1. Once the dipole of the range 5-113 is set up with Lys and Arg at +1 and Asp and Glu at -1 on Cβ about the Cα centre, which of ALA82, MET99, ILE52 lies farthest towards its positive end?
2. In the Gaussian network model of the chain, springs joining C-alpha atoms below 10 Å, which of ILE52, ILE136, ILE60 carries the largest mean-square fluctuation?
3. Kindly put CYS223, CYS77, CYS167 in sequence by how many other C-beta atoms sit within 10 Å of each C-beta, fewest to most.
4. Calculate the dipole size of the chain relative to its Cα centre from +1 charges on Lys and Arg beta carbons and -1 charges on Asp and Glu beta carbons; express the result in debye to the nearest 20.
5. Which residues in the range 60-75 have a backbone N closer than 16 Å to a point placed 7 Å from the Cα of ARG241 along the Cα-to-Cβ line?
6. About the Cα centre of the range 194-283, what is the dipole size in debye to 20, counting +1 per Lys and Arg Cβ and -1 per Asp and Glu Cβ, all else neutral?
7. Taking a 18 Å limit on the Cα-Cα distance, which of the listed pairs LYS48/LYS70; LYS27/LYS76; LYS171/LYS255; LYS48/LYS73 fall beyond it?
8. What do you get when you divide the Cα radius of gyration of the range 227-271 by 2.2 N^0.38 Å, with N the number of residues?
Amino acid sequence: MYTLLIVALMSIAVSLHELGHAFFMRKYGIPMQEICVLGIGPKLLEWKWRRIFGEVPMTIRLIPLSAFVKIDKDHKCSDPVAEEHMLSAGVSANLIVAMLLVVIGVFLEARSHSWEQIDSVKLGSVLSVGTSIGLIGMLMWRFPRFAAYSVACIGIIAGSVIAWGVCAFIKERFFSGQAGVPLEIGGPVMLAQQVSEAAEQRSVAMCFIYAGAFSLNLAMVNCLPLLPLDGSRVALSMFGRWAPSFMSRHADRCKISMFLAFVIFIGIIFGSDISSLIQKIIR
């Protein structure tokens, strides 16, 4: 039950990320062919939300691994600021969802205990962080330029943290002769382990808080300047405004560099997963 609740809340976070993109595509007149709110592969369900998205079909597909919005690739947004706002919308949606899930989780946790049993400092800290994140998301939703700069800043911070973790791991493992600090980066295997650990606590409140943390992580990863993530496209658009002559000559090289960095990032993620599986087998 608890595992299903966490997976359902995580799926909502993924779906709302794409719906955030779709909402601003509709607002800025970008023609859409399909809004897949969850999954890849064969279609399971199809409907239309005419009040918000008009005649654009919305679908759920068989394999619930991601979501996407299918657009006409030949159509380009004429306003770069509007394009950046559209690309940032998924991140802002995830930040708002993270706030809502954390607030609900803190409320449920407080309600399930007497005041004497509540760790008010811990819950207050989680609530403060969650609320601050949500406020940033709301400002990003409202103000286009703030959204673009926020994505850039979050991407720099997230990328720096990941780079520091990888460097610390390599230093301890290969140059210090020690077992090495754990590399807290992973893909599907690490995600499944964390969902299992959260479900073992058998707490609805912790399910909401964990799903909120997942939504926040989804936002931060999408801010990374790695092609094809949202952060890379926001960065390319911003550089196009700041240095149009440079980007006209080197845009392809920038895209190739971002894609290669993305391949390395995926390699680190799945390498960490494979390493953790091998260690479990050996033990």
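Read-outs: derived from the displayed coordinates by stated rules, not from any lab. Every value quoted in this text rests on a predicted model; they were computed, and no experiment measured them. Positions of Cβ are generated from backbone atoms using ideal geometry, with glycine treated the same way; all protein chains shown enter the neighbour counts.
1. Of the candidates, ILE52 comes out farthest on the positive side.
2. ILE52
3. Lowest to highest Cβ neighbour count: CYS167, CYS77, CYS223.
4. 500 debye
5. The answer is none, because no backbone nitrogen lies closer than 16 Å to the label point.
6. Here the range 194-283 has a charge dipole of around 280 debye.
7. LYS171/LYS255; LYS48/LYS73
8. 1.28
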